[in-house]
Every structure is written in C-alpha cells, then in structure tokens.
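In what follows, a single structure is set out as structure tokens and then discussed.
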Amino acid sequence: MLLIKKNIPNILKTLLIIGFGYFFWLMLKITLEYIPLKTEVSFLMIKQTEVTDRPEYLWFFYTHVYTSIFVLLSGFLAILRKDLGLKNFHRNAGKVYIFLILILSAPSGIYMGFFANGNIYSKISFVILGSLWWFTTFRAYQFARQKKFKQHKHWMWRSFALTLSAVTLRMWKVIIVYLFHPNPMDVYEIIAWIGWVPNILLIEYLIAKKHI
C-alpha cells in the first residue's frame, strides 16, 4: 500500500504528460491548417469580413496562431521544472514562454478579441483573457527577476492556466455542441467565458490550499 501511495504522483505526472501530448497534437493539427498562409480555411472561413476589410487582422491572426503553439509547448516544459539533462533547460523554456506571450501572443490575442464572434460580452471576455494572460506572465517575469521563486511559480501557474484556455475552450465547445446543439454564435458566447474562467479559479484554489 505504501508503495502504491508513493507511485501515485508519478502515475499522475505520466497521465498529465500523455494528456498534454494528445491535446498538443490536436492543437498542432489546427495550426498546420494555416500553413502555407491560407485565408479560406477553418476559423478564417467565418472571419472573411475582417480578412477583407482589415488587412492587419491576418497578421495579428497568424502571429497569434503560429506563436501560441510554441507558447503551449514551452510553458508545459517550464511547468514540469525539469532540465531533462540539459543545462538551464527549465530557465530557457520559461524565457521562450514569457517572451512569446509578452511580445507576440498576448498582444495579438487582445487585438483579435475586439473582433471575436458573438455579442459584446464574448468580445469583452476575450479582451480580458488576453489582458490577464499578459499581466500574469509579466508578474511571473518580475518575480523571477527578483528571485522570488515561490511567487514566480504561482504566477506562472496562473499564466499557464490561461494558456490552456486554447485547449479547454475547444473541449467545452465539443461538449456543449454534442449535448445541446445550440446556435453557433451562442456557443461562442458561452465558451468565451467557460474556456478560461474555470481554469483560473481552479489554479487559485490550488494555490490557496498550497497544493502548488
């Protein structure tokens, strides 16, 4: 029994890695749909107004899509807190994660939020999400610079919870469509909030209970 208890953390970590690998593969497939640059595929099919009327929209969109896949991977590797046999691997993965979010992924996501599908509330949600994503990452960066590593870890978890909204948003979309068959625009208005709010609430709970 004691041996089983000792192995539980390793089992959970293994399941976490397998689960992340699966969803990362799904996200990678979505990203590859836009290579080479295409304007009439997947999500962009319902954004033709922006594509036609706002030439800058595509640049923000491609910036967000192409960088976010690396944010997802580098963030996960940094959260693992393992150097994997490479010197300073954790630190370097964190640097990539923070740089991409602060300079590219979050600003482009905030811009896209203003043109999100659905009503004004879904737009507000995505703008808030992008802003919190930038802020939590910046705070993690600040605490790392100050060598306050406990606070750094907590803010990195908050940031990564928001990063994972790219995954949880799509999971909720599948569940809601399968169970309720709502109007497509209604789906966006729902997942705009439940794609990230439960994530950050869960992390706040885990931090408060000192589980992370």
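The values are calculated or read from the model by the stated rules, or taken from the named source; none is laboratory data. Please read these numbers as outputs of a predicted model, since none were measured by experiment. Quick reminder, even Gly has a Cβ in these numbers, built from the backbone with ideal geometry, and neighbours come from all protein chains shown. The protein model used for the area step is the full one, side chains on, heavy atoms only, and it has no ligands, DNA or RNA in it. Shrake-Rupley method; radii C 1.70, N 1.55, O 1.52, S 1.80 Å.
A probe of 1.4 angstrom, applied to the heavy atoms of all protein chains, finds Ser68 with accessible area near 30 square angstrom.
Are there any helices in the chain, counted as whole DSSP H runs, that stretch 18 Å or more along their axis by Cα and score at least 1.0 on average by Kyte-Doolittle, and if so which? In the chain, the long hydrophobic H runs are 2-32, 55-80, 165-180. Taking every alpha-carbon pair under 8 Å whose residues sit at least 6 apart, the stretch 55-212 reaches a relative contact order of 20 percent. Taking 7 Å steps out from each Cα toward its Cβ at Ile17 and Ile212 produces label points 1.9 nm apart. With protein chains left intact and a 1.4 Å probe, residues in the chain average 61 Å² of accessible area per residue. Taking all protein chains together and a 1.4 Å probe, the residues Met185, Met45 rank Met45, Met185 from largest to smallest accessible area. Pairwise alpha-carbon distances in the stretch 93-148 exceed 17 Å for 41% of all pairs. Taking all protein chains as shown and a probe of 1.4 angstrom, Thr63 keeps an accessible surface of around 50 Å². Report the Cα centroid-to-centroid distance between the stretch 66-93 and the stretch 159-186 in angstrom, as an integer. So the separation of the two Cα centres works out to 26 Å. Extending 7 Å from Cα along the Cβ direction at Leu26 and again at Val96 yields two label points whose distance is 2.3 nm. Once you put a point 7 Å from the Cα of Asn88 and another 7 Å from the Cα of Lys38, both along the Cβ direction, what distance in nm separates them? Roughly 4.0 nm, to one decimal.
Legend: calculated FRET efficiency, Ile46 to Leu202, from the Cβ-Cβ distance at R0 = 35 Å, rounded to 0.05, equals 0.70. Normalised size of the stretch 1-143, defined as Cα radius of gyration per 2.2 N^0.38 Å with N residues, equals 1.25. At the residue level, Glu40 shows approximately 130 square angstrom of accessible surface with a 1.4 angstrom probe and all protein chains present.
Along the Cα-to-C-beta direction of Asn183, a point sits 7 Å from the Cα; which residues of the stretch 104-123 have their amide N less than 12 Å from that point? Output list for this probe position: 118-119. Of the accessible area of the stretch 24-209, with the probe set at 1.4 angstrom, what percent is carbon plus sulfur? That fraction is 69 percent.
Of Ser42, Ser165, the residue with the largest accessible area leads and the full order is Ser42, Ser165 (1.4 Å probe).
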